[in-house]
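Peer 1: Below is one structure. I have some questions about it.
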Amino acid sequence: MVVFQLNKEKAPGPDGFTIAVYQECWDVIKEDLIRVFLEFHTNGVINQSTNATFIALVPKKNAVLIANEVVDEKRRSREEGIVFKIDFEKAYDHVDWGFLDHVLQRKGFSQKWRSWIRGCLSSSSFAILVNGNAKGWVKASRGLRQGDPLCPFLFTLVADVLSRLLFRAEETGLTEGFSVGRIGQEQVSGLKINLEKSTISGLPLGGNPKTIGFWDPVVERISRRLDGWKKAYLSLGGRITLIQSCLSHIPSYFLSLFKIPASIASKIEKMQRNFLWSGAGEGKKDHLVRWEVVSRLKELGGLGFGKISLRNIALLGKWLWRFPRERSGLWHKVIVSIYGTHPNGWDANMVVRWSHRCPWKTIAQVFQEFSPLFA
């Protein structure tokens, strides 16, 4: 049964039911569930609530880890090469349903099959999660759902039309190449050279996390946020809330992949400390309680801000928890291909040379700090 092959630990949808509920209560709900699918296969109509989902912004750390490891490996090997990444802008969102149906018809798909696809697409609705709460519902009018195993197949069919048009234009001589200069290349291809630091998903690519300049984007973002609060008359409670909900989480994306230098951690905590006691305005005020006390857990008499260095270790340590659990992931295969697997099976080899500037070097070093906890 398909139901029992699904991962029961998947996050629940808007109805709050996990896959485990369907598996454990199958004898009770199976007739109703089968009736729903029978209605869909007969009429191509499915209840809209069945096809509702949440949209949450999820940082893409795997791609950043892979990209930095590949760049570092290429740099150390001193081999010539180029790393090139190209992607469609909002590719799935721009798929027109009418055109997709036309493509399916020309490909020979039956009317019944096409009605099923139309039923799945037209019944989609979304709600955006903001701080864990759903904010409004939006009914889809075009596009494909990312994460649906059928959608990559449908998108490939649509993209194949564009590919065939380009090949046909080339074969019939409708297009021909011509040489352009470096500046012209940007205008013709749209691939403008990034004069600032190269990034992927907002994180530096191929940089050295030990340098101060590497962390400038984090410090500047916190500074800009504080500048926006300068004219706000905030109470102490309001400043505490902003530190907990905003300032403390700005560096988290960087902290999940790179080891933060002590000087940068101290600088960020100083900015938080000054904002707590002085607000974002000018002038220096006395700090009434030591930061070591303020940053403690609330159960221990603090405000629960936490230490940036400890959060950094915890986020890096999560990769060591994921390593033995995600053996089929592309990032896992990349790490194993570069470093090999440790005999304990829990992590990659610890043999990381001093010349490595990649994220996995610091992740491997964090394992030494976690080892006493497993003894």
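The values are calculated or read from the model by the stated rules, or taken from the named source; none is laboratory data. Note that the structure is a prediction, hence the values are computed from the model and not measured. Positions of Cβ are backbone-derived with ideal geometry, glycine not excepted, and every protein chain shown enters the neighbour counts.
Peer 1: What is the number of the single condition among (1) more than 15 Å from ILE243 (Cα to Cα); (2) modelled with pLDDT of 85 or more that HIS287 does not meet?
Peer 2: For HIS287, the exception is condition (2).
Peer 1: Can we say GLY119 is at positive phi and either modelled with pLDDT under 85 or exposed (fewer than 13 other Cβ atoms within 10 Å of the Cβ) (or both)?
Peer 2: No.
Peer 1: List every residue pair whose Cβ atoms lie under 8 Å apart, where the two residues are 6 or more positions apart in sequence or sit on different chains, the first residue falls within region 325-339 and is touching a residue at least 24 places away in the same chain (Cβ under 8 Å), and the second residue, located anywhere, is outside any helix (DSSP H, G or I) and among the aromatic types (Phe, Trp, Tyr).
Peer 2: Listed by first residue and then by second, the contacts come to ILE335/PHE323.
So that you can scan it fast, the table gives a plain yes or no per residue for (1) modelled with pLDDT of 70 or more; (2) among the polar types (S, T, N, Q); (3) farther than 19 Å from GLY98 by Cβ:
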position	(1), (2), (3)
ALA127	yes, no, yes
CYS151	yes, no, no
ASP160	yes, no, no
PRO217	yes, no, yes
SER223	yes, yes, yes
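Peer 1: Could I ask something else about it? For region 258-284, give me each residue that is modelled with pLDDT under 80, surrounded by fewer than 15 Cβ atoms within 10 Å (Cβ to Cβ) and at negative phi.
Peer 2: GLY281, GLU282, LYS284 - these are the residues of region 258-284 that are modelled with pLDDT under 80, surrounded by fewer than 15 Cβ atoms within 10 Å (Cβ to Cβ) and at negative phi.
Peer 1: Then there is this: Take the residues in region 245-259 that are over 14 Å from GLU269 (Cβ atoms) and part of a helix (DSSP H, G or I); name whichever of them is nearest to the chain's Cα centre (by Cα).
Peer 2: Per the stated criteria, the residue is TYR253.
Peer 1: If you go through region 54-76 one residue at a time, do you hit one that is outside any helix (DSSP H, G or I) and either modelled with pLDDT of 75 or more or crowded, with 16+ Cβ neighbours inside 10 Å (or both)?
Peer 2: No, every residue in region 54-76 fails to be outside any helix (DSSP H, G or I) and either modelled with pLDDT of 75 or more or crowded, with 16+ Cβ neighbours inside 10 Å (or both).
Peer 1: Which pairs have Cβ atoms under 6 Å, sit 6 or more apart or on different chains, and link a residue in region 15-35 that is within 27 Å of ASN133 (Cβ to Cβ) to one that is surrounded by fewer than 14 Cβ atoms within 10 Å (Cβ to Cβ)?
Peer 2: Correct list of pairs: THR18/PRO12; ILE19/LYS8; ILE19/LYS10; ALA20/LYS8; TYR22/VAL3.
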